[in-house]
Each structure stands twice: as C-alpha cells, then as structure tokens.
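S.K.: Take this structure first; my questions come after.
The values are calculated or read from the model by the stated rules, or taken from the named source; none is laboratory data. What you see is a predicted model, and the numbers here were worked out from it, not measured in a lab. Here Cβ is always computed from backbone atoms with ideal geometry, including for glycine, and neighbour counts include all displayed protein chains. With ligands, DNA and RNA removed, areas are computed over all heavy atoms of the protein, side chains included. Shrake-Rupley method; radii C 1.70, N 1.55, O 1.52, S 1.80 Å.
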Amino acid sequence: MMIQQLRPALASLAVLTVLTGFVYPLFVTGIAQVVFPEQANGSLVLRDRHVIGPRLIGQPFDDPKYFWGRLSATGPFAYNAAASSGSNYGPMSDALLDAVKSRVEALRAADPENPNLIPVDLVTASASGLDPHISPASAEYQIARVARVRGLTEGRVREVVARHTSGRQLRLLGEPTVNVLSLNLELDALDGK
C-alpha cells in the first residue's frame with residue numbers, strides 16, 4: 001500500500017524538479033537574454049574590456065572631481081549587492097543623524113564656497129542601499145565643485161549632466177534621475193581629450 005503512494009509521489013517530485021529547477025529557469029533566462037540582454041547580463045559597463053561596474057548598482061565615489069552618489073546602507077562595505085538593505089534607522093536615530101552630519105561635513109569640506117542647501121538624497125541612503133542615481137538637484141549642487149576641480153566650465157559639466165539625466169518612466173512614474181557612474185565615466189573621458 002505504501003509503495004503505491006510512494007511511486008507517484010517520487011515521480012511527481014522528479015517531474016516537478018526537472019520542470020521548475022531546469023526547464024523553467026532556462027526558458028526565463030532565454031527570454032531575458034533575447035528581450036533584455038544588457039539587464040540580464042548585469043548592466044555591466046566595460047572600458048578596454050575591463051568591467052568598471054554595473055550601471056544599475058551604485059559605486060563609491062569620494063574624490064572631489066567626481067559626482068557623489070547616495071550613501072549606501074549595505075555592509076560590510078558600501079554598495080555590497082549581496083547585502084541589499086536599508087539601514088532601518090528612524091528619524092530619531094543617533095546613527096542616522098551621525099551619518100547625515102558626516103556626509104554634510106564632507107560635502108561642505110569639498111566645496112566650502114557652495115551656499116546652497118544640500119539635497120536630502122545626498123545625505124541619506126535609498127531603501128536598497130544600492131541606488132546608482134541621484135536627483136537632478138543633487139547633480140546641480142555638485143556642478144560647481146566638479147567643474148572647478150576638473151578645470152571645465154560649469155556650462156560644459158551641466159551639458160554632460162543633462163545627457164545622463166533620465167525623465168520619469170512612461171512620463172508618469174517616479175522622478176527624473178542622473179546615473180552617477182555613467183556621468184563620471186563621461187567626465188573622465190573628457191579629461192582624456
């Protein structure tokens with residue numbers, strides 16, 4: 001009696017293992033490779049056949065010649081894709097206040113003549129801790145510093161920022177964003193000219 005129940009159960013297990021463990025993932029991966037090849041391969045940015053970084057995960061920049069992205073809440077190091085998470089600090093958290101104060105001090109030290117208010121996304125982490133984008137306001141806040149350090153005009157840097165600014169998705173969802181990695185890479189390419 002038990003063998004009669006065990007045989008169909010094992011057959012079902014084997015069939016479902018093959019279907020859900022091999023056939024379905026290969027099918028979905030194949031569709032992703034055809035429809036979204038860049039995203040399916042990690043949206044990696046290559047330069048001279050070397051991976052610079054992924055376009056969809058933030059990268060740490062702290063040199064004044066670069067635009068700085070959002071803070072990362074991941075551990076044990078910043079922008080750790082294997083540890084995507086928010087900090088879960090509440091608005092009254094001393095740790096959050098310390099992180100914000102530290103970032104404000106770094107921004108002010110890098111550009112002491114900038115009297116503008118610092119946009120909130122430059123001093124806080126995103127929900128994932130991996131956000132590769134900043135707001136156009138955050139880019140605008142940093143234009144004078146980056147232009148001065150690189151020896152470019154603010155107008156030239158503003159043109160580069162505009163090329164890396166994406167509008168709302170479907171002209172309706174979200175807010176405009178600036179991809180920090182691609183922006184910094186183009187500025188590096190300008191330095192080489």
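S.K.: Restricting to segment 151-180, give me the number of residues that are assigned to a loop (DSSP other than H, G, I, E, B), surrounded by 13 or more Cβ atoms within 10 Å (Cβ to Cβ) and either over 20 Å from the mean Cα position of the chain (by Cα) or among the β-branched types (Val, Ile, Thr) (or both).
M.R.: 1
S.K.: Given the criteria surrounded by 15 or more Cβ atoms within 10 Å (Cβ to Cβ), closer than 16 Å to ASP62 by Cβ, touching a helix residue (DSSP H, G or I) at 6+ places or on another chain (Cβ under 9 Å) and not polar (S, T, N, Q), does ARG148 qualify?
M.R.: Numbers: surrounded by 15 or more Cβ atoms within 10 Å (Cβ to Cβ): yes; closer than 16 Å to ASP62 by Cβ: no; touching a helix residue (DSSP H, G or I) at 6+ places or on another chain (Cβ under 9 Å): yes; not polar (S, T, N, Q): yes.
Spelling it out, it is not the case that ARG148 is surrounded by 15 or more Cβ atoms within 10 Å (Cβ to Cβ), closer than 16 Å to ASP62 by Cβ, touching a helix residue (DSSP H, G or I) at 6+ places or on another chain (Cβ under 9 Å) and not polar (S, T, N, Q).
S.K.: Before we move on, is GLY69 at pLDDT 90 or above, touching an Asp or Glu at 6+ places or on another chain (Cβ under 8 Å) and open to solvent by less than 60 Å² (accessible area, probe 1.4 Å)?
M.R.: On the way: at pLDDT 90 or above: yes; touching an Asp or Glu at 6+ places or on another chain (Cβ under 8 Å): yes; open to solvent by less than 60 Å² (accessible area, probe 1.4 Å): yes.
Against the criterion (at pLDDT 90 or above, touching an Asp or Glu at 6+ places or on another chain (Cβ under 8 Å) and open to solvent by less than 60 Å² (accessible area, probe 1.4 Å)), GLY69 qualifies.
S.K.: Moving to a separate point now. Among the numbered criteria (1) open to solvent by less than 100 Å² (accessible area, probe 1.4 Å); (2) among the hydroxyl-bearing types (Ser, Thr, Tyr); (3) at pLDDT 95 or above, which single criterion is violated by TYR24?
M.R.: So TYR24 meets the others, but not (1).
S.K.: Limited to segment 64-98, what total is found for residues that are touching a residue at least 40 places away in the same chain (Cβ under 8 Å) and more than 16 Å from PRO132 (Cα to Cα)?
M.R.: Residues meeting the conditions: 3.
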